[in-house]
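The block underneath contains the structure these notes are about, expressed in structure tokens.
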Amino acid sequence: MSAEVISLFENLLTMDELLELLKHQYSRHTIYRWVERYGMPYRRIRGKLWFPKAEIISWLERST
């Protein structure tokens, strides 16, 4: 894997990592709803949602 690809994935969270970051206070369903209705930042790579960590933290701070 190239250094560029590794760097990209180091800054992306999986759904499980995002739920852990949120201390499991929310469900997967809630996260999908936030993506669809409220524009939570994400990337779709090979059919899977990945969440850019810095953008997610900023989005959460603005949303509260």
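Between LYS23 and ILE45, the contour length at 0.36 nm per residue exceeds the Cα-Cα span by 5.5 nm. Here the spin labels are modelled as points 7 Å beyond Cα on the Cα-Cβ line, and at TYR38 and LEU60 they lie 1.2 nm apart. The largest-to-smallest principal axis extents of the Cα set in the stretch 15-55 are 25, 20, 19 Å.
Each reported figure results from applying straightforward, stated rules to the coordinates on display, with no laboratory input. Here the structure is a predicted model, which means the values were calculated and not measured. Don't worry about glycine lacking a Cβ; one is built from the backbone with ideal geometry, like all the others, and counts go over all protein chains shown.
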